[in-house]
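The values are calculated or read from the model by the stated rules, or taken from the named source; none is laboratory data. This structure is a prediction, so every number in the text was calculated from the model and none was measured. A quick note on method: Cβ atoms are made from the backbone with ideal geometry, for glycine too, and the neighbour counts reach across all protein chains shown.
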Amino acid sequence: MSRSRIGLWALASAAVMGALAAGVVALNLRGEGDLSAEIAAAQPPSQPPSTELVARGAYLARTGNCMACHTSRGGEPYAGGRGIDTPFGTVYSSNLTPDEQTGLGRWSAPAFWRAMHHGRSADGRLLVPAFPYTSTTQVSRADSDAIYAYLRSLPPVVQPARPHDLSFPFNTQAALAVWRALYFRPGEFQPDTSRSAEWNRGAYLVQGLGHCNACHAHRNALGGTTGPLDLGGGLIPVQNWYAPSLTDAREAGVADWAEAEIVALLKTGVVDRHGALAVASGPMGEVVLRSTQHLSDADLGAMAVYLKTLGEGAVAVPAPAEPASAVAKDAHGATLYADHCASCHGERGEGVAGAYPPLAGNRAVTMAVPANLVRIVLEGGFAPATTGNPRPYGMPPFAQTFSNDDVAALLTHLRRSWGNRADAVTPLDVLRYRDGGMR
């Protein structure tokens, strides 16, 4: 190839790369309009906000469970510094107190809104999506301003931001820009006019501030989801808990639940459904403890109305019956169950009403992904201690008692006894979901 052709090829390649870069930049600025000018002109408020606005902001911050991530273990509330493990490294949460140097003291309400709605910091930097702006983008400007007012009312805490510990190239703004171009679209919640006001309120809370999709969605190798309203279930990265599908009756779909039952589970962490106890455990137990138990009955009722409509028309399809030889009891698993589990859960997995959940016919036992079963056997099963259920029953951990082979045998026994029909659990499955196991 002649030098002139090489030169033309290089120029063409540079032009294409430049156009792609310009496109990525444009995609990352979409919807911001005159917001940059508003931020440049805005100043932090000189007068304290009204008591009513602060109270509303406190409620909304609780709804979004903001303190859980923005408070380090043993640290001051909302002062940040908590390490959040991701497949790409550790992200450290920011200081949301109004300290002038290390917190939000110099932020204006428009700058805070841009962070919530566009995932961009006050200085223009792109924020990592561990902060769930893919969901909070749906939060209204009025609610964002109320949360800002509440955070401004907190005692300032001096705590400098700790740099994220992310591997290359995920620690670069260029990589964030590409990720956002692929997986992020800013957009405020739009009510469905064919639905009731209560349904729309529930949708707003679940889709936006509640950011349920942050856990209840499958993520690809880059941490992206199929959309902001997936809710189809997914393994929570690094934690190795499975957030079950909210659209599938075989997992955590509640289309056939009464609204009062959904409200009870979100408010207390437990609900007795026709003599069978359902329990919020693992990461969901923390959500109930720190967030949903504090919501108003009206908002919980609205969430219930919305959640009941997810997967409308879907029918739970039972797993196909297997040959008797395939579901024969594993002798070792049956022995482990008799020695360690039957005294609470019953000889036939029937459980105890109001105390211990049944294992027979329990969809948490037969879900295709056995991650939560592994985690509960190893770490113990504990419902949150809530106002409505202050002294919950719990299950001890068996991590120091059972080997991987033991756990696999026990869980296979549970999943293939008393009418349950689910795949066996292997020692390799246990290793995968156990702390320190394969990623």
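Exactly one residue among SER94, SER144, SER135 is assigned by TED's automatic domain parsing to the domain that holds PRO44, in a loop (DSSP other than H, G, I, E, B), within 23 Å of GLY208 (Cβ to Cβ) and not hydrophobic (A, V, I, L, M, F, W, C), and that residue is SER94. In region 282-294, the residues that are not assigned by TED's automatic domain parsing to the domain that holds GLY388 form Cβ pairs under 6 Å with partners that are aliphatic (A, V, I, L, M) and buried (at least 21 other Cβ atoms within 10 Å of the Cβ), at six or more places apart or across chains, as follows: VAL288/ALA280; THR292/LEU266. Of GLY388, GLY394, GLY354, GLY381, all but one fail to be over 25 Å from the mean Cα position of the chain (by Cα), under 19 Å from GLY285 (Cβ atoms) and at pLDDT below 95; the exception is GLY354.
Matching residues to (1) out of contact with any Gly (no Cβ under 7 Å at 6 or more places or on another chain); (2) not in a loop (DSSP other than H, G, I, E, B):
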{"site": "ASP339", "(1), (2)": "yes, yes"}
{"site": "ALA360", "(1), (2)": "no, no"}
{"site": "ARG375", "(1), (2)": "no, yes"}
{"site": "PHE398", "(1), (2)": "yes, no"}
{"site": "VAL407", "(1), (2)": "yes, yes"}
{"site": "TRP418", "(1), (2)": "no, no"}
{"site": "ALA424", "(1), (2)": "yes, no"}
{"site": "ASP429", "(1), (2)": "yes, yes"}
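Being touching a strand residue (DSSP E or B) at 6+ places or on another chain (Cβ under 9 Å), part of a helix (DSSP H, G or I) and assigned by TED's automatic domain parsing to the domain that holds TRP179 is the requirement here; does ARG114 meet it? Spelling it out, ARG114 is indeed touching a strand residue (DSSP E or B) at 6+ places or on another chain (Cβ under 9 Å), part of a helix (DSSP H, G or I) and assigned by TED's automatic domain parsing to the domain that holds TRP179. Taking region 225-235 as the search range and keeping residues that are surrounded by 17 or more Cβ atoms within 10 Å (Cβ to Cβ) and in a loop (DSSP other than H, G, I, E, B), which one is modelled with the lowest pLDDT? Restricting to residues being surrounded by 17 or more Cβ atoms within 10 Å (Cβ to Cβ) and in a loop (DSSP other than H, G, I, E, B), the top hit is PRO228.
Is it the case that region 162-184 has a residue that's closer than 18 Å to GLU76 by Cα and in the same structural domain as PHE131 (by TED's automatic domain parsing)?
yes
Taking region 124-144 as the range and being over 20 Å from ALA181 (Cα atoms) and surrounded by fewer than 18 Cβ atoms within 10 Å (Cβ to Cβ) as the test, the residues that pass are SER140, ARG141, ALA142.
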